[in-house]
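Read the structure below first, then the notes.
The values are calculated or read from the model by the stated rules, or taken from the named source; none is laboratory data. Since this is a predicted model, take the numbers as computed values, not measurements. Glycine gets a Cβ as well: all are built from the backbone with ideal geometry, and neighbour counts include every protein chain shown.
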Amino acid sequence: MKPQQQTVSLLIRENSQVKITNRSIKLELLLDNSQINQYANFQFHNYLFGLHQKYQSLKEGLVADYIPELQKANPEWFGISIVTTTGQIYQIGDYQQTFTIQSISKPFVYGMALENYGREVMLNKVGVEPTGQAFNSIELDQKNNRPYNPMVNAGAIATTDLLTVDSASKRLEQILKMFSCYTGREHHLDWSVFLSEKATGSKNKALAYLMHNSGMISNNIEETLDLYFQQCSISVSCHDLAMMGATLANKGVNPLTGKQALNKYYVQNVLSLMHSCGMYDFAGEWAYRVGLPAKSGVSGGLVTVIPGKCGIGIFSPLLDAKGNSVRAIRVCEQIARDFGLHLYNAVEPICDLAFWM
Ligand code: GLN
């Protein structure tokens, strides 16, 4: 609860969005509740502005090129968007720039499969164990005759295969509709990225045929691969990612439209997989450093969820060797540190996110 009235120190920094003076000044103000909210919002925007400026200058990493069409991305693109479970939106930079969702589609399509088949069937088909391997590694759990988890390509292809019960176009329509429920807007495919991946995705094809060989996926191999490449080619912005994250943070309900995108009983399953496997062979270090469920994709997108509070979507196409966005990781590390958001954090945060947003 915010107090009715309180005295706050307002520090307006040089180079801040609203430049009032060329030096730092400190003001003592007596504010009422709505002014406190405005002040908090302004300060949070200011915080995001500083964060964006700081990491825009970070030039480490490379744009993905193994899907040729992805090479066209501008390495300067950088957007951050935060959507709270109460529907507030904070964003900066290239938050409207669209890109293909790639692997970030995986937890959401897995959620859809959970709704269709339930936990036990899904556990039989696809495991939930981190691999410690690259996202496209040819690593299968031969003992249990299933891929290790739905966040690596093998598990995602097997999950998508489970959706192959209707006509091909109907399945794509269902997936697009599901994403619309999360984001509150219509989605389309980037067909040139789809064709580019279809033409060059030999490793995914090899994975699918291997899984088919050991009875892990059905006979519709080419159809399943097409659908997998299509789900990866859905066009989103980092604002959309933040909406998706906020929906997961809000028990599966889109905070702006009120629509249930995922049955609340499965939210914990999707989030726990994002927590243990969402960042591929960086998942352990991510859990250690940031401690929040997240999912990255090779276009440079990243979504992270602060349960009960908000979703964060970040986009910057410069990737590290593991295929995760360099700037997105650094931004999340800093936000988690500044606001004490690590799920197992036991130390009083310096800043309480609930006050600022
Ligand atoms: N479509 C990409 C692939 O299968 C997705 C990988 C990713 O984003 N990490 O290779």
Test of understanding: among ASN219, ASN204, which residue is over 28 Å from LYS72 (Cα atoms) and either within 11 Å of the ligand (Cβ to nearest atom) or assigned by TED's automatic domain parsing to the domain that holds PRO130 (or both)?
ASN219
Boolean, THR164 is crowded, with 20+ Cβ neighbours inside 10 Å and either closer than 18 Å to LYS295 by Cβ or in contact with a Ser or Thr (Cβ under 8 Å, 6 or more places away or on another chain) (or both):
no
Within segment 321-333, count every residue that is part of a loop (DSSP other than H, G, I, E, B) and either within 12 Å of the ligand (Cβ to nearest atom) or outside the structural domain of TYR66 (by TED's automatic domain parsing) (or both).
3
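Based on what the data block shows, is LEU30 surrounded by 13 or more Cβ atoms within 10 Å (Cβ to Cβ), in a strand (DSSP E or B), out of contact with any Cys (no Cβ under 8 Å at 6 or more places or on another chain) and at pLDDT below 85?
On the way: surrounded by 13 or more Cβ atoms within 10 Å (Cβ to Cβ): no; in a strand (DSSP E or B): yes; out of contact with any Cys (no Cβ under 8 Å at 6 or more places or on another chain): yes; at pLDDT below 85: yes.
So LEU30 fails the test.
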Please determine whether any residue of segment 337-353 is assigned to a helix (DSSP H, G or I) and either within 16 Å of the ligand (Cβ to nearest atom) or aromatic (Phe, Trp, Tyr) (or both).
no
Apart from one, (1) surrounded by fewer than 21 Cβ atoms within 10 Å (Cβ to Cβ); (2) farther than 23 Å from PRO147 by Cα all hold for SER237; the odd one out is (1)
Filter result for the condition that a residue is within 27 Å of ASN136 (Cβ to Cβ), more than 16 Å from the ligand (Cβ to nearest atom), surrounded by 17 or more Cβ atoms within 10 Å (Cβ to Cβ) and at pLDDT 90 or above, over PHE108, PHE78, PHE99
PHE78
Among the residues of segment 307-318, write down those that are buried (at least 24 other Cβ atoms within 10 Å of the Cβ) and farther than 14 Å from TYR55 by Cβ.
CYS310, GLY311, GLY313
Residues located in segment 126-138, provided they are farther than 12 Å from LEU273 by Cβ, surrounded by fewer than 21 Cβ atoms within 10 Å (Cβ to Cβ) and touching a helix residue (DSSP H, G or I) at 6+ places or on another chain (Cβ under 7 Å):
GLY132, GLN133, ALA134, ASN136, ILE138
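Kindly evaluate GLY118 against the criterion of being part of a helix (DSSP H, G or I), away from the ligand (no atom under 16 Å from the Cβ) and either at positive phi or surrounded by fewer than 20 Cβ atoms within 10 Å (Cβ to Cβ) (or both).
Values: part of a helix (DSSP H, G or I): yes; away from the ligand (no atom under 16 Å from the Cβ): yes; either at positive phi or surrounded by fewer than 20 Cβ atoms within 10 Å (Cβ to Cβ) (or both): yes.
So GLY118 passes the test.
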Just to be sure I understand the filter: pairs with C-beta atoms under 6 Å, separated by 6 or more residues or on different chains, first member in segment 90-114 and touching a residue at least 12 places away in the same chain (Cβ under 8 Å) and of a type outside the set (A, V, I, L, M), second member part of a helix (DSSP H, G or I) and within 12 Å of the ligand (Cβ to nearest atom). Which pairs pass?
THR100/VAL193; GLN102/CYS232; SER105/GLN231; SER105/CYS232; LYS106/ALA156
Where in segment 135-204 are the helices (runs of 4 or more DSSP H), entirely inside, with at least 3 residues that are without any contact (Cβ under 8 Å) to a residue 24 or more places away in the chain?
168-183
Of all residues in segment 320-334, count the ones that are surrounded by fewer than 23 Cβ atoms within 10 Å (Cβ to Cβ) and aliphatic (A, V, I, L, M).
2
Looking at segment 317-343, I want the residues that are at pLDDT 95 or above and have a partner that is of a type in the set (D, E, K, R) and not in a loop (DSSP other than H, G, I, E, B) with Cβ atoms under 7 Å, at least 6 apart or on another chain. Which pairs are those?
LEU318/ARG327; LYS322/ASP281; GLU333/ARG289
Take the residues in segment 240-260 that are crowded, with 24+ Cβ neighbours inside 10 Å and away from the ligand (no atom under 16 Å from the Cβ); name whichever of them is farthest from ALA208 (Cα to Cα).
ASN250
Filter result for the condition that a residue is of a type outside the set (A, V, I, L, M), assigned to a strand (DSSP E or B) and touching a helix residue (DSSP H, G or I) at 6+ places or on another chain (Cβ under 7 Å), over GLY313, GLY308:
GLY313
Residue check, GLY291 against (1) away from the ligand (no atom under 16 Å from the Cβ); (2) touching a residue at least 60 places away in the same chain (Cβ under 8 Å); (3) outside any helix (DSSP H, G or I), all met but one. Which one?
(2)
